[in-house]
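I have placed the structure first, in the form of structure tokens, so that the comments after it can refer back to it.
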Amino acid sequence: MEILEKLKEIFPKGSISKIELEASEIIVYTKNKEFFLNYEPYVKEAVSQLKKRIEVRAEKELLMEKSETKKKIQEIVPKEAQINKIYFEPERSIVIISAVKPGLVIGKGAENLKKIKKSTFWTPRVERIPPIKSDVVAAIRKMMHTEIRFRKKFLNNVGKRIFEKRETNRKWVRIIGLGGWGEVGRSCTLVETPKSKVLIDCGISVGGKDPNTMYPYLYTKEFDPNEIDAIILSHAHLDHCGMIPYLYEMGYDGPLYATTPTIDLFALLSLDYIDVLQKSGKNPIYTAKGVKEAVRHAIMLEYNEVTDISPDIRLTFQNAGHILGSALVHLHIGNGLHNILYALDQKFGRSNLLEPASTNFQRVETLIIESTYGAKEDVMPPRAEVEKQLMEVVNRTMERNGIVLIPSFSVERAQEVMVILAKHGFSYPVYLDGMIWDANGIFTAYPEYLSKYMQKLIFSGNDPFTNPIFKRITTRQEREKVWEDRPCVIISTSGMLVGGPAIEHLKHLGGDERNTLVFVGFQAEGTLGRRIQRGLREIPFENDEGKTEVLELKMEVVSIEGLSGHSDRRQLLAYVNNLPVKPRKIILVHGDYRKMISLQAAYQKLFGIETYRPINLESIRVV
Ligand SMILES: [Zn+2]
């Protein structure tokens with residue numbers, strides 16, 4: 001490879017013992033002690049010439065003995081960092097330091113890490129131990145650690161494909177809709193460039209029953225899993241990630257790019273999806289094996305990290321403000337030939353948990369954006385007002401010794417409500433049922449992905465997630481006990497009352513007028529949540545004996561609007577207005593027909609930008 005030859009010219013003779021690729025990163029191994037202690041100027045020169053990421057690591061024979069290394073690390077790192085575990089990957093000359101306070105392990109300007117590297121010859125990596133234990137986080141870390149051999153080979157192969165000199169007869173860039181175009185659900189977009197093909201998202205329509213409209217159009221001529229260079233996942237909602245395990249079971253064995261929290265949430269939510277289907281006697285389209293394969297092939301990127309993912313595509317993620325780890329996807333194609341920004345799902349407004357979607361993009365010629373709330377009437381009230389409204393309902397119920405039941409998704413909305421309660425000094429017990437607690441563990445593992453507001457609380461020792469008002473429900477007995485513990489709040493899955501423990505709570509609390517049912521999220525057509533919002537007060541249930549009973553709903557019912565993780569109409573317009581450069585084309589997806597027409601007209605009128613609203617299977621040529 002040309003690049004590697006150039007690298008050898010820049011580095012001094014005899015300094016390189018071997019070169020390996022870890023996806024787009026070039027790893028230079030050396031046996032030369034002198035060189036290892038002084039490689040910085042050469043790396044600097046090579047990076048500026050080659051525009052690739054380069055890391056120098058010491059060969060095995062230079063590495064300090066493991067127990068000596070552990071001692072040395074304890075010496076360098078202050079005790080307050082609370083190192084819990086130090087483990088080694090000798091295959092890659094890497095030492096992983098697991099600590100409660102990773103910032104203190106790293107030190108100012110990464111000085112501790114530099115010291116560790118130069119004195120032990122191991123290349124250090126740091127991991128945060130989350131204050132709330134998460135089985136998913138632990139399992140994924142363990143998998144990455146025990147599959148080093150596989151990962152090493154896999155990453156090297158990915159690297160070879162990225163660096164290969166590839167010739168095709170394509171001279172165009174096309175964007176093709178395989179799902180989620182002209183509709184909400186099963187998001188799946190294919191990008192075809194002169195040298196590569198990548199897939200952005202591959203979801204399912206969760207509420208769908210008809211297989212023809214549930215899954216993306218994967219059986220089209222344009223889509224061949226063997227030709228795909230990479231799958232890029234924007235965030236972990238099932239309508240964006242739900243079909244990814246299926247692709248791995250079908251034989252796709254390339255990389256899956258996402259942020260670290262997205263991979264954790266993806267594993268949690270897709271395993272739960274399989275579980276829920278099986279429990280209701282349905283056959284999921286894939287098994288846990290597909291989820292595991294996807295995680296084994298994951299390449300985690302941070303926001304703002306620029307990475308080559310194919311011979312002519314450079315990928316950058318930026319915060320989307322939608323859920324933890326959610327990313328806007330920026331593709332820089334063919335050394336400046338074209339730039340695509342995939343900006344869904346997104347929230348261009350502040351929540352307690354997340355900063356608004358980033359507009360920090362130097363070049364965007366084509367913008368793909370959602371239109372979920374794109375119609376004129378889709379204007380959400382200010383957050384402060386929404387929070388006030390929520391606290392009023394909750395406090396009113398506490399005063400009459402009632403119980404508040406909040407059906408919620410396990411990820412994001414539940415945590416947002418938790419933070420609102422904690423922020424307002426709420427002091428009664430708040431019980432969390434369903435998968436919410438597991439998701440909390442993932443939130444506490446990645447404070448750097450949360451808002452500045454949250455980071456300030458967490459790093460000053462006031463982490464709202466560890467506030468003692470929050471208690472976990474895991475068994476039926478615990479659930480029954482909670483019903484006696486008035487007044488209190490219960491946040492429980494599922495968010496639209498289509499299953500999950502929220503139904504149990506509703507059955508037991510619904511008949512008592514002291515209690516309140518509070519909807520904090522969108523209720524889809526056809527769900528029990530929606531029917532209650534519309535006024536349904538007599539709810540037929542199957543009891544334990546299988547007989548139908550009718551619940552007379554006497555509890556207060558309140559809907560809080562405005563906690564959505566999506567941009568409303570004003571935010572969708574403001575987002576384009578705030579981009580430092582105006583795109584030449586806007587492609588509207590992820591919305592229904594009426595909303596898209598309305599938003600299309602607004603974009604064209606306000607900004608004079610050519611705006612499309614394509615449907616599935618259509619393609620738009622942008623170069
Ligand atoms: Zn989403």
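The values are calculated or read from the model by the stated rules, or taken from the named source; none is laboratory data. Computed from a predicted model, the values in this text were never measured in an experiment. All Cβ positions, even for glycine, are placed from backbone atoms using ideal geometry, and neighbour counts span all protein chains on display.
Some points to look at:
- Meets criteria (in contact (Cβ under 8 Å) with a residue 24 or more places away in the chain, in the same structural domain as residue 198 (by TED's automatic domain parsing), over 20 Å from residue 602 (Cβ atoms) and away from the ligand (no atom under 14 Å from the Cβ)) for residue 401: no
- Screening residue 195 against (1) at pLDDT 95 or above; (2) under 25 Å from residue 270 (Cβ atoms); (3) among the basic types (Lys, Arg) leaves a single unmet condition, (2).
- Among all residues of the stretch 46-62, there is at least one that is at pLDDT 95 or above, buried (at least 16 other Cβ atoms within 10 Å of the Cβ) and farther than 30 Å from residue 297 by Cβ.
- Of residues in the stretch 214-244 being away from the ligand (no atom under 16 Å from the Cβ) and either outside the structural domain of residue 270 (by TED's automatic domain parsing) or touching a Lys or Arg at 6+ places or on another chain (Cβ under 8 Å) (or both), the one nearest to residue 525 (Cα to Cα): 214
- Annotation: of all residues in the stretch 176-213 being surrounded by fewer than 23 Cβ atoms within 10 Å (Cβ to Cβ) and of a type in the set (Lys, Arg), the one that is nearest to residue 498 (Cα to Cα) is 209.
- Taken over the stretch 85-135, the residue count meeting the criterion of being among the small types (Gly, Ala, Ser), in a helix (DSSP H, G or I) and more than 23 Å from the chain's Cα centre (by Cα) is 3.
- Tally of residues being of a type in the set (Ser, Thr, Tyr) and crowded, with 18+ Cβ neighbours inside 10 Å across the stretch 214-244: 3
- Any pair with Cβ under 6 angstrom, 6 or more apart, that starts in the stretch 543-566 at a residue that is basic (Lys, Arg) and ends at one that is away from the ligand (no atom under 16 Å from the Cβ): 554/511; 554/513
- Top-ranked residue of the stretch 331-361 - restricted to ones that are hydroxyl-bearing (Ser, Thr, Tyr) and assigned to a loop (DSSP other than H, G, I, E, B), ranked as nearest to the ligand (Cβ to nearest atom): 351
- Qualifying residue in the stretch 596-606 (condition: surrounded by fewer than 23 Cβ atoms within 10 Å (Cβ to Cβ), assigned to a loop (DSSP other than H, G, I, E, B) and not basic (Lys, Arg)): no
- When 104, 113 are screened for being crowded, with 19+ Cβ neighbours inside 10 Å and outside the structural domain of residue 291 (by TED's automatic domain parsing), only 113 passes.
- So residue 186, is it under 22 Å from the mean Cα position of the chain (by Cα) and modelled with pLDDT of 95 or more: yes
- Those residues of the stretch 163-183 which are within 30 Å of the chain's Cα centre (by Cα) and within 25 Å of residue 369 (Cα to Cα), in sequence order: 173, 174, 175, 176, 177, 178, 179, 180, 181, 182, 183
- Just one residue in the set 589, 581 is of a type in the set (A, V, I, L, M) and either away from the ligand (no atom under 16 Å from the Cβ) or free of Cβ contacts under 8 Å to residues at least 40 places away in the same chain (or both); that residue is 581.
- Selection of the stretch 112-138 for residues being touching a residue at least 40 places away in the same chain (Cβ under 8 Å), closer than 30 Å to residue 39 by Cβ and aliphatic (A, V, I, L, M) yields only 116.
- Residue in the stretch 522-576 that is farthest from the ligand (Cβ to nearest atom), counting only those that are in a strand (DSSP E or B) and among the polar types (S, T, N, Q): 548
- Qualifying residues in the stretch 287-330 (those that are assigned to a strand (DSSP E or B), over 25 Å from residue 269 (Cβ atoms) and touching a residue at least 24 places away in the same chain (Cβ under 8 Å)) - the one nearest to the ligand (Cβ to nearest atom): 313
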